[in-house]
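Structure first, commentary second.
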Amino acid sequence: MGSVSSPLLITALMLAVSNLFMTFAWYGHLKNMASSPWYLAALVSWGIALFEYLLQVPANRIGYTALNLGQLKVLQEAITLSVFVPFVVLYMGQPLKWDYLYAGLCLMGAVYFIFRT
């Protein structure tokens, strides 16, 4: 069990940080660069995305030693939502919606089905 939990924990932590970078790369410019031309926002986003990939690629390689591809993808999606919701509420200043809870419950169902043995 220890050999499985270690890659899983490392993968989950790296994917969480990677998702933070990804979320800022994809959506941060909507707040910070709204008056800038889109191509400048794209260049800044690419720079931020570099850090995402520097974490995401090794995280997926580590995770793939303990998880199958479906499990790795569903884990990624669950982490994405858990990073996105605080970003939307705390950083972008948008209201917390019940839809986020419902989406999270659906993802938890996906996690259950993909990880059950």
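The values are calculated or read from the model by the stated rules, or taken from the named source; none is laboratory data. These numbers come from a predicted model, not from an experiment. Note that we place each Cβ from the backbone using ideal geometry, even for glycine, and neighbour counts take in every protein chain shown.
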In region 54-103, anything of a type in the set (S, T, Y), part of a helix (DSSP H, G or I), over 12 Å from L15 (Cβ atoms) and at pLDDT 90 or above is listed as Y91, Y102
| said: Can you find a residue that is touching a residue at least 40 places away in the same chain (Cβ under 8 Å) and charged (D, E, K, R) anywhere in region 77-92? | reply: no
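If the requirement is being touching a Leu at 6+ places or on another chain (Cβ under 7 Å) and among the aliphatic types (A, V, I, L, M), which of these qualifies: A41, A59, A49?
A59
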